[in-house]
Amino acid sequence: MDMRAKPDVSTNPLLAEWRSPYGLPPFELIRPEHFAPALQVAMRENMAELDAIAAQTESPNFDNTVAAFDRCARLLSRIESVFYNLTASQTSPALQAVQRELAAPLAAHYSAVFMHAGVFKRVDLLHASRDTLSLEAEQLRLLERTHLDFVLSGAKLAPQAQARYAQVMERLAELTTSFAQNVLHDEASYQLVLRDEADLAGLPPFARDAARQAAAERDQPDAHVITLSRSLIVPFLTFSERRDLREQAWRAWVGRGEHAGEHDNRPVAREILELRNEQARLHGHASYADHVLTDTMAGTRAAVQQLLDEIWPRALDAVAREREELEAVRREQTGALSSEAIEAWDWRYWAEKVRQQRYALDDAEIKPYFALPRMVQAAFDCAQRLFGLRFTPREDLPVYHPDVKAYEVHNAAGKVVAVFLQDNFARSTKRSGAWMSSLRMQNRNEPGGGAALPVVLNNNNFAKGAPGAPTLLSQEDVRTLFHEFGHGLHGMLSDVSFERLSGTQVLRDFVELPSQLFEHWMSEPAVLKQHARHWQTDAPIPDELIERLHAARRFNQGYETVRYCASAFADMAVHALSREQLPADLCAFEDETLRQLGLPEGVGINHRLVHFQHLFSGSGYAAGYYVYLWAEVLDADGFEAFKEAGDPFDPRVAALLHRFIYASGNSLEPGAAYAAFRGRAAQVEPLLRKRGLVPA
């Protein structure tokens, strides 16, 4: 595809006016071949906007420079948002080919945007005199963030360094695209076929139903199939009595990205690390971690290390206690010698046995109360009780796949404040994991005046139930649903003037606070009693089952904490390397890092580097996987405010939460935003209690 060509765009739906309600994309008309010519037009338009800002004869001021820059690129953003949502949620070989071809040109464009000398000269002049401009607080915040965006994108580099910086960013865009597509290839191409009762041994009905549905979707109607979707692989590792098959599935899961040939992520990740280090050195930093952390709440590697060091030894102690419990139950049930190791493909299986014995909990008993539609309604109800939102289904709104549900979102006064799209099911055309994204971000600075209504998406990867039966969620699935919905609320409730400060565009170690905080309401007894109802009998979840769930909520948290922290340590370790220290063998480096760390045998980590999409499918979480723990300090402390008020829906606390956390976007410095909500800085003790790392 020649990006220099001049295609006929007269019939391109991406460039036409979108007449659907709320300006939603005409998904049914959009084809992969539409994107390159449309983006070419949009990039030209964006550069013309910048040239116009720079060519003004009037001296720079906030309105004609900073606010004007914030209004730029609306056409480009509109098209890109559709493109990236489709490449993540409903891709195809044709769309993947376009994604590979567009990666470098789009990166080159953004380098040109933030190295536009004329625009930056005006922004830089304003920034230098910002204390004399009598700006409102949000205006000052936008000026400071815009100036920093330019600086971090190379605007202050010498011309030769700028040219090299742009080349680095173009190549990184190509590599991160390849990394993500390689992981999707390994996930989509794997299936463990279970053909008879011996293969299915131990799997409860919900897991069998999901595996049967996965088989039907993969033209295996007479079998059951385990894929690498988390909602299938984790139940299989938890319940299957076939240790040989558990090992086979586990090795496929952790081996994603580590297969020689066309889809091998080892050389891809290695080159990404080299280029990121060069990017950091161009900015004057010895390592990429040092560069990235300058614009975070943590600020330095030392601050991150201090948090991880606070948690790690406690987690090791907890996982040692948990191993003793697992080994005791295993000896009791099998007579196996204590010297026989519990391997990584065994841990979940024996942990479930302990959970059943110690807490009388069984997912087969729990999941019938967690039907997907009920849990979606539970999340909606919590949003209504906290923030006054109501979600009205709109089956007439255009969506990109039949699985997607569309909702109109009203506030307490009945005004439409957002559109919400929810895509809950796993499929081979969708990347793994769960995420929130936007088709449009809230702001009151649109070209020509006016405001933009946010259009927010949630993607999950739940295993679809069999025909005629609902999709039943695990507790972890429900947590994921609430987590992503918390991100969604961050976008839907945004109430700022400028797009650059809207919604989730906050510092990376603050962005997980609204999502993780919202998880707390999923386990509130009042929420469970209202919404967790048996899908066949409609009976509410019994009080004694809720009590058992609460008693077990710290169960296996040592295991989960060790796995998470180990991945965070590996991320920071590999991104803290200097150019001379970068390893030739990334997997060997990871193994040695974890060995020195003292990772216990049989526990494993959340993500190995070769498929760690947080780090290598983009730069958002690179040298930043620690942020979930950083934000958990905030969310655990933040929920304490409701406990102190004696009501999980206390109106006064909810109003503060709404104003300073969910609505303020990046208009406030995050530490100040949290203190305005909580009345003080966060304390770490609630996190330690939440994870069971200190006595409750």
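A compact table of results
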item	result
All positions within region 558-605 that are acidic (Asp, Glu) and farther than 16 Å from Ala622 by Cβ	Glu560, Glu580, Asp585, Asp591, Glu592, Glu601
Contacts under 6 angstrom Cβ, first residue in region 351-371 being farther than 18 Å from Val527 by Cα and outside the structural domain of Thr238 (by TED's automatic domain parsing), partner assigned to a helix (DSSP H, G or I) and of a type in the set (Gly, Ala, Ser), 6 or more apart	Tyr359/Ala551
Condition met for Arg251 (at pLDDT 95 or above, surrounded by fewer than 18 Cβ atoms within 10 Å (Cβ to Cβ) and within 30 Å of Leu582 (Cα to Cα))	yes
Matching residues in region 326-352 - criterion: being out of contact with any Phe, Trp or Tyr (no Cβ under 8 Å at 6 or more places or on another chain) and modelled with pLDDT of 95 or more	Glu343, Asp346, Arg348, Trp350
Considering residues of region 648-672 that are assigned to a helix (DSSP H, G or I) and free of Cβ contacts under 8 Å to residues at least 60 places away in the same chain only, the residue nearest to Trp312 (Cα to Cα)	Ala672
Given (1) surrounded by 15 or more Cβ atoms within 10 Å (Cβ to Cβ); (2) within 28 Å of Glu685 (Cβ to Cβ); (3) without any contact (Cβ under 8 Å) to a residue 24 or more places away in the chain; (4) not aromatic (Phe, Trp, Tyr), index of the condition Gln306 fails	(1)
Per-region count, region 254-297, residues part of a loop (DSSP other than H, G, I, E, B) and crowded, with 21+ Cβ neighbours inside 10 Å	3
Region 569-592: number of residues that are within 15 Å of Thr300 (Cα to Cα) and of a type in the set (D, E, K, R)	1
Conditions (1) of a type in the set (A, V, I, L, M); (2) surrounded by fewer than 23 Cβ atoms within 10 Å (Cβ to Cβ); (3) at pLDDT 95 or above; (4) more than 29 Å from Tyr621 (Cα to Cα); number of the one not met by Ala466	(3)
Search result, residues across region 499-519 that are within 14 Å of the chain's Cα centre (by Cα), more than 11 Å from Glu484 (Cα to Cα), part of a helix (DSSP H, G or I) and not aliphatic (A, V, I, L, M)	Arg508, Asp509, Phe510
Matching residues in region 593-628 - criterion: being surrounded by fewer than 23 Cβ atoms within 10 Å (Cβ to Cβ), part of a helix (DSSP H, G or I) and among the aliphatic types (A, V, I, L, M)	Leu594, Leu597
Count - residues of region 488-507 that are farther than 20 Å from Leu372 by Cβ and surrounded by 24 or more Cβ atoms within 10 Å (Cβ to Cβ)	12
Meets criteria (of a type in the set (Lys, Arg), part of a loop (DSSP other than H, G, I, E, B), under 16 Å from the mean Cα position of the chain (by Cα) and within 21 Å of Gln613 (Cβ to Cβ)) for Arg431	yes
Criterion (more than 24 Å from Val151 (Cβ to Cβ) and either touching a strand residue (DSSP E or B) at 6+ places or on another chain (Cβ under 9 Å) or assigned to a helix (DSSP H, G or I) (or both)) met by exactly one of Glu28, Glu80	Glu28
Qualifying positions in region 215-247 - assigned to a helix (DSSP H, G or I), more than 29 Å from Glu340 (Cβ to Cβ) and under 24 Å from the mean Cα position of the chain (by Cα)	Ser231
Enumeration of residues in region 195-210 that are touching a residue at least 24 places away in the same chain (Cβ under 8 Å) and not in a loop (DSSP other than H, G, I, E, B)	Ala198, Asp199, Leu200, Pro205, Phe206, Ala207, Asp209, Ala210
Failed item, numbered, when Glu644 is tested on (1) of a type in the set (D, E, K, R); (2) within 30 Å of Trp350 (Cβ to Cβ); (3) in a helix (DSSP H, G or I)	(2)
Test: residue in region 559-568 that is among the aliphatic types (A, V, I, L, M) and under 18 Å from the mean Cα position of the chain (by Cα)	yes
Filter result for Glu28 (surrounded by fewer than 19 Cβ atoms within 10 Å (Cβ to Cβ), more than 20 Å from Ser111 (Cα to Cα), assigned by TED's automatic domain parsing to the domain that holds Leu148 and out of contact with any Gly (no Cβ under 6 Å at 6 or more places or on another chain))	yes
Pairs where the first residue, in region 461-473, is at negative phi and of a type in the set (Val, Ile, Thr) and the second is surrounded by fewer than 23 Cβ atoms within 10 Å (Cβ to Cβ) and in a loop (DSSP other than H, G, I, E, B), C-beta under 7 Å, 6+ apart	Thr471/Lys464; Thr471/Gly465
Flag if Asp585 is surrounded by fewer than 20 Cβ atoms within 10 Å (Cβ to Cβ) and modelled with pLDDT of 95 or more	yes
Single residue of region 664-692 satisfying the filter (aliphatic (A, V, I, L, M) and buried (at least 20 other Cβ atoms within 10 Å of the Cβ)) that is nearest to Asn443 (Cα to Cα)	Leu668
Residue among Ala210, Ala198 that is surrounded by 17 or more Cβ atoms within 10 Å (Cβ to Cβ) and either at positive phi or small (Gly, Ala, Ser) (or both)	Ala210
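Rundown of residues vs (1) touching a residue at least 60 places away in the same chain (Cβ under 8 Å); (2) surrounded by 15 or more Cβ atoms within 10 Å (Cβ to Cβ); (3) touching a Cys at 6+ places or on another chain (Cβ under 7 Å), yes/no style:
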| position | (1), (2), (3) |
| --- | --- |
| Pro13 | no, yes, no |
| Arg19 | no, no, no |
| Tyr22 | yes, yes, no |
| Met43 | yes, yes, no |
| Ala54 | yes, yes, no |
| Ala67 | yes, yes, no |
| Ala73 | no, yes, no |
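The values are calculated or read from the model by the stated rules, or taken from the named source; none is laboratory data. In this text, all values refer to a predicted model and were calculated from it rather than measured experimentally. Backbone-built Cβ (ideal geometry, glycine too); neighbour counts: all protein chains shown.
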